[in-house]
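Read the figures in this text as sums done on the coordinates, not as results from a lab. Just so it is clear, the structure is predicted and the values come from calculations on it, not from any experiment. Don't worry about glycine lacking a Cβ; one is built from the backbone with ideal geometry, like all the others, and counts go over all protein chains shown.
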Amino acid sequence: MTVQSAQPTQASQSPQSEQAAQPDIVYTWTDEAPMLATHSFLPIVHGFAQRAGVSVGTADISLAGRILAAFSLADDDLARLGELTQSPAATIIKLPNISASLPQLKAAIAELQALGHEIPDYPDSPASPAEHEARAAYDAVKGSAVNPVLREGNSDRRAPAAVKAYARSHPHSMGAWSPQSRTRVATMGSGDFRRNERSVVVPEAGTLQIRLRPADGGEPIVLRESLPVTAGGRGRHLHECRRPG
């Protein structure tokens, strides 16, 4: 994690300045459109904060940054932010980041290799111990690797236990619904989240398997062999899945 001047010319690459004291505000480097927005937004944040005597640091949670950190070629800023979220003093400006799909991951690997970084290819069918190790490292950075870490601490968006307890003790009634109400709820007939997605509450701790059931009737494809879950946790699954193309 670094503290640096936030000039637009520095927003095109991950910061490489020397380590400094913990900044008052940490701004996250991400990918794609949010990275483009950084060219204009980060200098504004820095300008306002500097006037108030507030330091601004940066943390690289981009897909490329997470890949390099997985192979000890860069600092693991995501892990440091995870520790920082446990502090009430933490102020993190977290920009949207990509939940890297396998094609995005492979494209990022190829781009980093072209830039001279010595990282292995993604092994689709690992055979050797080294390939299994590389696969585990890559699988840890793809998908929604960022949000579960940054939502652990005071950035957690879940309702506190006290609020939940109060709501259970004082349930809110929606009251009578008038037929004269002009409110209407409309959804698509198919192909939207209301039809395809289901939310479940896990009754007891255990493991789940994530499978894709093709719409063409083909054999289910195992996307993740084992996913640990805790009792009372929430999960979502797609009722209807289609292969692209």
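Assuming R0 = 45 Å, what is the FRET efficiency of S173 and H117, from their Cβ-Cβ distance, to the nearest 0.05?
0.15
Figure the gain on full extension for A136 and V45 (residue separation times 0.36 nm, minus the Cα-Cα span) and round it to one decimal in nm.
Taking A136 through V45 to full extension adds about 29.1 nm, to one decimal.
Convert each backbone phi in region 47-54 into a coupling constant with the Karplus relation 6.51 cos²θ - 1.76 cosθ + 1.60 (shift: θ = phi - 60°), then list the ³J(HN,Hα) values in order as whole Hz, x for Gly and Pro.
Values per residue, Gly and Pro as x: x, 5, 5, 5, 4, 8, x, 9 Hz.
Using a 7 Å offset from the Cα along the Cα-to-Cβ direction at both V163 and V202, what is the distance between the two label points in nm, to one decimal?
It is 2.3 nm.
How far apart, in nm, are two points set 7 Å out from the Cα along the Cα-to-Cβ line at L102 and at R184?
If labels sit at L102 and R184, their model points lie 4.3 nm apart.
Read phi for every residue in region 221-231 and hand back ³J(HN,Hα) as whole Hz from Karplus 6.51 cos²θ - 1.76 cosθ + 1.60, θ = phi - 60°, with x for Gly and Pro.
Here the 3J(HN,Hα) series is 10, 6, 8, 8, 5, 9, 10, x, 9, 10, 4 Hz.
Given H placed 1.01 Å from N in the peptide plane, which residues other than close sequence neighbours of A59 have an amide H under 5 Å from its amide H?
When sequence neighbours closer than 5 places are left aside, the close amide H contacts are Y27, T28, W29.
With point charges of +1 on the Cβ of Lys and Arg and -1 on the Cβ of Asp and Glu, referenced to the Cα centre of region 106-156, which listed residue (P148, A130, A107) lies farthest in the positive direction of the dipole?
P148
So how do 164-170, 138-144, 128-134 stack up, highest first, on mean other-Cβ count within 10 Å?
138-144, 128-134, 164-170
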